[in-house]
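A quick write-up on the structure given underneath.
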Amino acid sequence: MKVSETNWQQIEAYLKTDDRAILPLGSTEQHAQLSLSVDSILSEKVASDAAEPLGIPVFPVVPYGITPYFLAYPGTISLRQETYIRLVRDILDGLRLQGFRRILIVNGHGGNQPAGSLAIEWMADNPGTAVKFHNWWNAPQTYAKVQEIDPVASHASWMENFPWTRLAGTTLPSQQKPMIDLARMRVMGPEAVKAYLGDGNFGGYYERPDEEMLAIWDVAVKETRALLEGAWA
Ligand SMILES: [Zn+2]
């Protein structure tokens, strides 16, 4: 259940029976022709779809993340690492204060990895809690499914083009973009990154049939759900 569609009495009743919660992490950054909110849309939706049959609350997605490399692209917002860590720590503290003890963080953006290190530190500071940090798109089964369909897949390519992240009225290139050199990109400042990447796709086709995308989604939802149902200690 989405917390945004829940009242406090329902959360109070839930906490008498369970202590699991989900926190999705997103980002607001360029995704070529796709929505600037791809990482937020996908992490929140995979979390909600995974949690739905279990009735576990899904807190609102954190819509901003750490993405300094894309700052030259209009619409991209990046939080500083210190800010981000403090923000996520305050949310975890808040969840604990409310009585949640088992927290699944569903992360949708690679740059948010510092929150994964924070989660380990936070558990050590808060005995009796368990936090799983789940990068949903590169978890083993989901990543294997992507590779099986098309190994040339990357940021803002077809692998992020779902019915819920594409925008009406946009035209997508039909050719397969060659993979960029990530090592080169990592030493560039934001302006150079934009000049190097062009539209922002890191490599691969821009779209694939919905049938394939829904098959990937199905694997991702099940893989995420297994973490909620699996062992926590
Ligand atoms: Zn993304």
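The values are calculated or read from the model by the stated rules, or taken from the named source; none is laboratory data. Quick caveat: nothing in here was measured; it's all calculated off a predicted structure. All Cβ positions, even for glycine, are placed from backbone atoms using ideal geometry, and neighbour counts span all protein chains on display.
The residues in the stretch 170-202 that are of a type outside the set (S, T, N, Q), in a loop (DSSP other than H, G, I, E, B) and under 22 Å from residue 28 (Cβ atoms) can be counted, and the count is 8. For the stretch 126-167, which positions are of a type outside the set (S, T, N, Q), over 25 Å from residue 181 (Cβ atoms) and touching an Asp or Glu at 6+ places or on another chain (Cβ under 6 Å)? Residue satisfying the conditions is 139 alone.
Applying the set (1) of a type outside the set (Lys, Arg); (2) within 16 Å of the ligand (Cβ to nearest atom); (3) part of a helix (DSSP H, G or I) to residue 50 leaves exactly one unmet item: (2). Per the conditions (1) within 15 Å of the ligand (Cβ to nearest atom); (2) among the basic types (Lys, Arg); (3) surrounded by fewer than 11 Cβ atoms within 10 Å (Cβ to Cβ), the sole criterion not satisfied by residue 186 is (1).
Kindly indicate whether residue 42 is within 13 Å of the ligand (Cβ to nearest atom) and not in a helix (DSSP H, G or I).
Numbers: within 13 Å of the ligand (Cβ to nearest atom): yes; not in a helix (DSSP H, G or I): no.
It is false that residue 42 is within 13 Å of the ligand (Cβ to nearest atom) and not in a helix (DSSP H, G or I).
Of all the listed residues (77, 105), the sole one being of a type outside the set (Gly, Ala, Ser) and under 17 Å from residue 129 (Cβ atoms) is 105.
One residue is enough: does the stretch 124-143 have a residue meeting the conditions within 30 Å of residue 184 (Cβ to Cβ) and more than 16 Å from the ligand (Cβ to nearest atom)? Yes: the stretch 124-143 contains one or more residues that are within 30 Å of residue 184 (Cβ to Cβ) and more than 16 Å from the ligand (Cβ to nearest atom). Of everything in the stretch 147-165 that is more than 16 Å from the chain's Cα centre (by Cα) and farther than 17 Å from residue 202 by Cα, the residue that is farthest from the ligand (Cβ to nearest atom) is 148. Residue under question is residue 21, and the condition is that it be touching a residue at least 12 places away in the same chain (Cβ under 8 Å), away from the ligand (no atom under 14 Å from the Cβ), buried (at least 20 other Cβ atoms within 10 Å of the Cβ) and in a helix (DSSP H, G or I); does it hold? Judged against the criteria, residue 21 is not a match.
Suppose we filter 56, 77 for residues that are among the β-branched types (Val, Ile, Thr), surrounded by 13 or more Cβ atoms within 10 Å (Cβ to Cβ) and over 30 Å from residue 196 (Cα atoms); which single one remains? Steps first, answer last, please.
Working: 77 fails: over 30 Å from residue 196 (Cα atoms).
Unique residue meeting the criteria: 56.
Scanning the stretch 28-39 for residues that are surrounded by 24 or more Cβ atoms within 10 Å (Cβ to Cβ) and in a loop (DSSP other than H, G, I, E, B), we see that the one that is nearest to the ligand (Cβ to nearest atom) is 29.
Please tell me if residue 15 is surrounded by fewer than 24 Cβ atoms within 10 Å (Cβ to Cβ) and touching a Gly at 6+ places or on another chain (Cβ under 6 Å). Give the steps one after another, and end with the answer.
On the way: surrounded by fewer than 24 Cβ atoms within 10 Å (Cβ to Cβ): yes; touching a Gly at 6+ places or on another chain (Cβ under 6 Å): yes.
So residue 15 fits the description; yes.
Restricting the first member to the stretch 129-146 and to residues that are over 12 Å from residue 221 (Cα atoms), and the second to residues that are surrounded by fewer than 17 Cβ atoms within 10 Å (Cβ to Cβ) and modelled with pLDDT under 95, the beta-carbon pairs closer than 7 Å and six or more apart or on different chains are 130/233.
Among residues of the stretch 29-43 that are more than 16 Å from residue 73 (Cα to Cα), those with a beta-carbon under 7 Å from a residue that is near the ligand (Cβ under 9 Å from one of its atoms) and β-branched (Val, Ile, Thr) at least six positions away or on a different chain give the pairs 41/165; 42/165.
On the given criteria, is residue 94 part of a helix (DSSP H, G or I), farther than 19 Å from residue 231 by Cβ, of a type in the set (Gly, Ala, Ser) and in contact (Cβ under 8 Å) with a residue 40 or more places away in the chain? Taking the combined requirement at face value, the residue does not satisfy it.
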